[in-house]
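Working notes for the structure below.
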Amino acid sequence: MTSIINVNLPQQSYEIAIAPSSLEQLGQYMTDLQLGKKVLVVSNPTIFKHYGEKAIASLKSAGFEVASCSLPAGERYKNLNSIQKLYDIALENRLERSSTMVALGGGVIGDMTGFAAATWLRGINVVQVPTTLLAMVDSSIGGKTGVNHPHGKNLIGAFHQPRSVLIDPEVLKTLPMREFRAGMAEVIKYGVIWDAELFSQMEASKNLNQLRYIKPEFISTILTRSCQAKADVVGKDEKEAGLRAILNYGHTIGHAVESLTGYRLVNHGEAVAIGMVAAGQIAVDLGLWQQEDTERQNALIQKAGLPTKLPDGVDIEAIIEALQLDKKVKAGKVRFILPTQIGVVTIKDDVPSETIRKVLRGM
């Protein structure tokens, strides 16, 4: 069953296509987009081993001239050194303004490929082909691209919308369990900020922490509803002038935890889960949310096999300090996304530091 979701934007609208076995149709799919013939497929060694040949064969059979680039796996390699390697290969293969970079991988590959495409020749095409649950439901959609600075996550980047997003649910079968759980953090996020029905459906599901225990129909629902939520928000606020900031629920403290642990101890989804637990409790302490609702959220996070406590050894004062480097800081004030009910959140920039400290000490 194929789902097509439109991301409606003033300048460059595009489709998210969710279709089983669609990776084999990548070449035909890109032909329909009327792109230039030169393509650079960007991935990491693990994903290339599973899906590189299939993607490249499909592109070549459709008449594309294909080059490839393999970047190291992991958030700690999401930096300007990796981008330089991508530029070198783009130059070697004489990529032109009509050329396309294809991001075949998870969020790290998608972010780096998107940023390289945004900045090579002042902007060329990018097609996102996400291979992780997290990238499928979140990072491949919306045009946020970038790399990390040693002092903070995603501080270097650009908005650069893809020409299209192609999601093949079949590739989730080779996703490590920990990465699947990381993706579920973003799905839970959508339930809290936007889609109360999705939240209830997850509560009714017996298992959220392993793909093999979740019915394919529900995986399809998770992908479709999550992508629709992201498309709705991005369509209303492409460059995060207001509403789109709600997509950062759990990310404010989550990014600080990722950065302070060197991107090695917790992955992005795990950090977001910790951040959601913190944000939920902050909302309760400020009288915005009911204790019962934060307990429902935390129960879902635990059902997905995700952490609800800070990692050992993370300094609370270091987190407070790191928050000041967050991209969402405005006029020196940290913006928090805080829930008021399941499916509804508000943006606050007046959360007292002492409230944050109290919540973090309790974790």
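The values are calculated or read from the model by the stated rules, or taken from the named source; none is laboratory data. Note that the structure is predicted; figures quoted are calculated from it, not measured. Positions of Cβ are backbone-derived with ideal geometry, glycine not excepted, and every protein chain shown enters the neighbour counts. To get the accessible areas, we keep the full protein, side chains included, count just its heavy atoms, and leave off ligands, DNA and RNA. Shrake-Rupley method; radii C 1.70, N 1.55, O 1.52, S 1.80 Å.
Quick notes on this one:
- Flag for residue 102 being within 21 Å of residue 167 (Cα to Cα), open to solvent by 10 Å² or more (accessible area, probe 1.4 Å) and either part of a helix (DSSP H, G or I) or of a type outside the set (Asp, Glu) (or both): no
- Checking residue 327 against (1) among the basic types (Lys, Arg); (2) out of contact with any strand residue (DSSP E or B) (no Cβ under 6 Å at 6 or more places or on another chain); (3) at pLDDT 90 or above, the condition it does not meet: (3)
- Close contacts from the stretch 214-225, counting a first residue that is closer than 14 Å to residue 188 by Cβ and a second that is acidic (Asp, Glu) and open to solvent by less than 40 Å² (accessible area, probe 1.4 Å), with Cβ to Cβ under 8 Å and a gap of 6+ residues or different chains, come to 225/195.
- Residues of the stretch 26-47 that turn out to be touching a residue at least 24 places away in the same chain (Cβ under 8 Å) and either on the phi > 0 side of the Ramachandran plot or buried (at least 17 other Cβ atoms within 10 Å of the Cβ) (or both), as a count: 13
- In the set (1) modelled with pLDDT under 95; (2) surrounded by 13 or more Cβ atoms within 10 Å (Cβ to Cβ); (3) outside any loop (DSSP other than H, G, I, E, B), the condition left unmet by residue 302 is number (1).
- Within the stretch 136-159, considering residues that are open to solvent by 40 Å² or more (accessible area, probe 1.4 Å) and not β-branched (Val, Ile, Thr), the one modelled with the lowest pLDDT: 151
- The residues in the stretch 312-328 that are surrounded by 15 or more Cβ atoms within 10 Å (Cβ to Cβ) and either in a loop (DSSP other than H, G, I, E, B) or of a type in the set (Phe, Trp, Tyr) (or both) can be counted, and the count is 5.
- Residue within the stretch 198-210 that is within 21 Å of residue 171 (Cα to Cα), out of contact with any Cys (no Cβ under 9 Å at 6 or more places or on another chain) and surrounded by 21 or more Cβ atoms within 10 Å (Cβ to Cβ) present: yes
- Only residues that are in a helix (DSSP H, G or I), touching a Gly at 6+ places or on another chain (Cβ under 9 Å) and open to solvent by 10 Å² or more (accessible area, probe 1.4 Å) were counted across the stretch 108-135, and they come to 5.
- Within the stretch 60-86, the set of residues being more than 14 Å from residue 103 (Cβ to Cβ), open to solvent by less than 50 Å² (accessible area, probe 1.4 Å) and part of a helix (DSSP H, G or I) comprises 75 only.
- Looking across the stretch 269-288, the residues that are open to solvent by less than 30 Å² (accessible area, probe 1.4 Å) and in contact with a Leu (Cβ under 7 Å, 6 or more places away or on another chain) come down to 269, 270, 273, 274, 278, 279, 282, 283.
- Set 86, 121, 40, 95: member being over 24 Å from residue 271 (Cα atoms) and out of contact with any strand residue (DSSP E or B) (no Cβ under 8 Å at 6 or more places or on another chain): 121
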